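J.: The structure is given below, and queries will be raised subsequently.
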Amino acid sequence: MSISEKPAANTSSSRAKAKNRELSKKGLLTITGFAVATLFLLPYIRMMFTALTPKDELYQIPADYFPTRLEWSNFVTVWESAPILQYLINTLIIASAATVVVLLVSVPAAYYLARFRFRTRNLILLLVLATQMFAPTSMVIGIYREMVALGLVNTYLALVLVNAGFYLAFSVWILSGFFASIPYEVEEAAMIDGCSKVSVLWRITLPLSLPGLITATIFTFITAWNEFVVALTLTSSIEIRPLTVGITGFIGLYEVQWHYVFATSLIAIVPVVFLFIAIEKWLISGLTAGSIK
Amino acid sequence: MNTTTPAPPAKRRKKSLIRRFLAGPLPWITPMLLLILAIVLWPVYEMGRTSVLEISGSGVTKGFAGLENYRELFDNPNLLGAISRTFFWVITVVAITIFISLFLAQLLNAKFPGRRFVRYALIVPWAASVIMTATSFRWMLDGYYGILNRILLDLGLVEEAIDWMGSAETSLPWLIIVAVFVSLPFTTFVILAGLQTVPGEVYEAAKVDGASARKTYFSITFPLLRTSLFIATVINLINVFNQFPIIWVMTGGGPGYTTDTTTTLMYKLAFRSQEIGQSAALSVVNFGIILIFVLIYIRATGFGKREDR
C-alpha cells in the first residue's frame with residue numbers, strides 16, 4: 001500500500017522537499033540549542049563582565065549592561081585585595097589530600113569488590129551507597145560535634161577526612177566497573193608468572209584502568225573543591241578556610257567588592273569546568289552505579 | 001624445586017597466615033570501612049546522642065535531657081513554617097526540574113550542529129560551585145545594582161526597581177529558579193543516558209507502523225525511561241532537600257525565618273541561636289526523612305540483586 005503512494009517518478013522533487021524539511025528541522029534544533037546554552041551560561045557571562053568592571057562603575061543605579069572599558073587588571077589586583085591566595089592554597093591542599101585519601105581507600109576496596117564474592121559483600125556495597133546518598137549537610141551537627149570531641153575543629157585534617165568519607169562512593173563505583181571489565185585471565189596469566197595479587201593490581205590492572213582512575217581523581221577533586229557546608233561549619237580562620245567559604249565572607253561586608261568576588265569565582269570555576277567536561281562520559285555511571293547496573 | 005626444599009615449619013606457618021590474611025577481604029576493605037565508620041557513621045551517633053543531651057550555648061554538656069530538645073523543637077514557632085516550606089520547595093523544584101529535563105534530554109539526543117557545545121554549556125552549572133552560581137544570581141537580582149531590574153525597567157515591565165531578596169514573596173520564586181537551574185544538568189544527563197539505551201529499531205518499527213511523534217514518545221520512549229526518571233527524581237529529591245548553599249547565599253533564610261527550609265533552620269539553630277540540642281533534634285528528623293528516600297531508592301532499584309550481575 002505504501003508503495004503505491006510513493007510513485008517512483010517524482011523522486012527528485014520529493015527528495016528535495018524532504019531534504020529541506022530536514023534542514024529546517026536541524027536549523028530549529030540549532031537555534032533552540034544555542035538559546036538553551038546561552039541561558040545556562042548567563043550567570044557566568046554576567047560574572048565575567050562584573051569581574052572586568054572598573055571599581056567606579058560597579059555601583060550604577062540602575063545597572064549598566066556592560067562596563068565602558070574592560071579592567072583586565074582586576075584579575076591581578078584581586079590577589080592583593082584579600083586573602084584570596086591563602087584561600088586558594090587551602091582549597092588546593094584540602095581537595096588534593098581528600099583525593100589521595102579517596103584513591104588510597106577506594107582502589108583496594110573497589111578491586112576486591114569487583115573481583116571476589118564474599119559473604120558481607122552486599123552489606124559493604126550498601127554502606128558505600130549510603131555514604132553517597134547521605135550528604136554531609138544533613139549530618140553537619142553530628143560532624144561538628146565529632147570534630148569538637150576529637151579537637152579537630154579548624155584543621156585541614158577534619159575537612160580532608162570529611163570530604164574523603166562522603167565522596168568515596170563515586171570512585172568505588174567507577175573503579176570497580178573498570179576492574180570488573182578486565183578479564184580475569186589477564187591477571188591469572190601474570191599470577192602464574194609469579195606476581196602477587198598486589199603486584200598484579202599495581203602492574204596490570206591499574207594501568208589498564210587508567211581512564212577510571214583519572215575520572216575518579218577528577219571527580220573527587222572537584223567535589224571537594226566545591227564543598228561548602230562542612231567547611232563553613234568547621235573553619236574559623238583564614239589559614240584553613242577554603243575559597244567557597246572565603247567568598248561568602250566578602251558578601252557580608254558593607255561595600256561588597258563584586259568585581260573581586262567574581263574574578264575569584266572565575267579563577268575557581270574555569271579549570272574545574274574543563275576537568276568536568278573531560279570526564280563527562282563517565283559521570284552518570286559513577287553517580288548512579290548503585291542502581292543502573 | 002619448591003617441594004624438594006621445604007621451609008622451616010614455623011616460618012612457613014607464619015607466612016601462610018599472612019597469605020591467608022592478605023587473600024581475604026579484610027586488608028582490601030578495612031581502610032575504606034574505617035573511613036566510613038569514622039566519618040559517616042560516627043556523626044550519626046553523635047547527632048542522636050546530642051539530641052538527647054542538654055547543652056549550654058557555649059557547648060558545655062550539662063546532662064541528659066531526654067526528649068526535652070524535641071519538645072522545644074516542636075514548640076519552636078519557626079518550625080511549622082519551615083516544614084511546610086520544605087515540602088513546597090522540594091516538590092516544586094523537583095517537579096519543574098524533571099519536566100524541563102525531559103525536554104532538554106530530548107534536545108540533546110537529537111543530532112544538530114553545535115550539539116556538543118550545548119552539552120558543554122549544560123555542564124558548567126554542574127561543575128561550578130553552587131555557592132558561586134548562587135552569588136552571581138544574587139548580584140543579578142540586587143535591588144539597586146542588579147541587571148535584572150535594569151532589563152525590566154527598560155522593557156517597561158516594572159515601574160520601579162524591585163528588592164527581590166527583600167521579602168519571601170519575591171525571593172522564594174527566585175530560590176526555586178536557581179535550585180532548578182543547578183539541578184537540571186544532572187537530571188538531564190541521567191535521562192539522556194536513559195534515552196540512549198532505547199534501541200533505534202524500536203523507533204524504526206513505530207515509524208513503519210505509522211505512529212505519530214507524540215504517540216511514539218508517550219507509548220515507547222516514556223515507558224522505557226522509567227528507570228532513569230526514577231533515579232533522577234529520587235537523587236534530585238535528596239539533593240534539593242539538602243540544598244543549603246543557594247538559600248544561604250541568597251537570603252540566609254531571611255528576612256527572619258521566612259525562607260528557611262528545615263535544612264537551613266537546623267544550621268541556624270546550632271550556629272546562630274546556639275541551640276545545639278534543638279538543632280540536633282531537627283537533624284535527626286531530617287536524617288530520618290532522607291533515610292526514607294534512600295530506602296525507597298534501594299528497594300525500587302533492586303540493589304540487593306546486583307550480586308549476580
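The values are calculated or read from the model by the stated rules, or taken from the named source; none is laboratory data. If you're wondering where the values come from, they're calculated on a predicted model, not measured in any experiment. Reconstructed Cβ throughout: ideal geometry from the backbone, glycine too, with neighbour counts over all protein chains shown.
J.: Go through the range B:224-255 and count every residue that is more than 13 Å from every other protein chain (Cβ to nearest Cβ) and at pLDDT 85 or above.
T.: The number of residues fulfilling the criteria is 1.
J.: Need the failing condition index for B:Met165 against (1) more than 10 Å from every other protein chain (Cβ to nearest Cβ); (2) surrounded by 18 or more Cβ atoms within 10 Å (Cβ to Cβ); (3) part of a loop (DSSP other than H, G, I, E, B), just the number.
T.: Checking B:Met165 against (1) more than 10 Å from every other protein chain (Cβ to nearest Cβ); (2) surrounded by 18 or more Cβ atoms within 10 Å (Cβ to Cβ); (3) part of a loop (DSSP other than H, G, I, E, B), the one that fails is (3).
J.: Go through the range B:174-200 and give me each residue that's modelled with pLDDT under 80 and either at the interface with chain A (Cβ under 10 Å from one of its Cβ atoms) or not in a loop (DSSP other than H, G, I, E, B) (or both).
T.: Correct list: B:Gly200 only.
J.: Name every residue in the range A:117-173 that is β-branched (Val, Ile, Thr), within 22 Å of B:Arg299 (Cβ to Cβ) and within 7 Å of another protein chain (Cβ to nearest Cβ), in order of residue number.
T.: Keep residues of the range A:117-173 that are β-branched (Val, Ile, Thr), which gives A:120, A:124, A:128, A:131, A:137, A:140-141, A:143, A:148, A:153, A:155, A:160, A:162, A:172.
Subset that is within 22 Å of B:Arg299 (Cβ to Cβ): A:120, A:124, A:128, A:131, A:172.
Residues satisfying the conditions are A:Ile124, A:Thr131.
Listed here are the residues, each with its yes/no results for (1) buried (at least 17 other Cβ atoms within 10 Å of the Cβ); (2) in a loop (DSSP other than H, G, I, E, B).
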{"site": "A:Pro211", "(1), (2)": "no, no"}
{"site": "A:Thr217", "(1), (2)": "yes, no"}
{"site": "A:Ser236", "(1), (2)": "no, yes"}
{"site": "A:Val245", "(1), (2)": "yes, no"}
{"site": "A:Thr248", "(1), (2)": "yes, no"}
{"site": "A:Val261", "(1), (2)": "yes, no"}
{"site": "A:Val270", "(1), (2)": "no, no"}
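J.: Out of all the residues in the range B:4-48, which are modelled with pLDDT under 90 and farther than 20 Å from A:Ser196 by Cβ?
T.: Answer for the range B:4-48, where residues must be modelled with pLDDT under 90 and farther than 20 Å from A:Ser196 by Cβ: B:Thr4, B:Thr5, B:Pro6, B:Pro8, B:Pro9, B:Ala10.
J.: Scanning the range A:33-55 for residues that are free of Cβ contacts under 8 Å to residues at least 24 places away in the same chain and within 7 Å of chain B (Cβ to nearest Cβ), which turns out surrounded by the most Cβ atoms within 10 Å (Cβ to Cβ)?
T.: Residue satisfying both the conditions and the ranking: A:Pro43.
J.: Give the residues of the range A:56-76 that are in contact with a helix residue (DSSP H, G or I) (Cβ under 8 Å, 6 or more places away or on another chain) and surrounded by 14 or more Cβ atoms within 10 Å (Cβ to Cβ), sorted by residue number. Steps first, please.
T.: Taking the range A:56-76 first, the residues in contact with a helix residue (DSSP H, G or I) (Cβ under 8 Å, 6 or more places away or on another chain) are A:58, A:62-68, A:71, A:74-75.
Hits for the range A:56-76 are A:Leu58, A:Pro62, A:Ala63, A:Asp64, A:Pro67, A:Glu71, A:Asn74, A:Phe75.
J.: Just wondering, is there one or more residues in the range B:137-152 that are surrounded by 17 or more Cβ atoms within 10 Å (Cβ to Cβ) and of a type in the set (Gly, Ala, Ser)? Let's see the steps before the verdict.
T.: Quick first cut of the range B:137-152, residues surrounded by 17 or more Cβ atoms within 10 Å (Cβ to Cβ) only: B:137-142, B:145-150, B:152.
Still in the list and also of a type in the set (Gly, Ala, Ser): B:146.
The answer is yes, given that some residue of the range B:137-152 is surrounded by 17 or more Cβ atoms within 10 Å (Cβ to Cβ) and of a type in the set (Gly, Ala, Ser).
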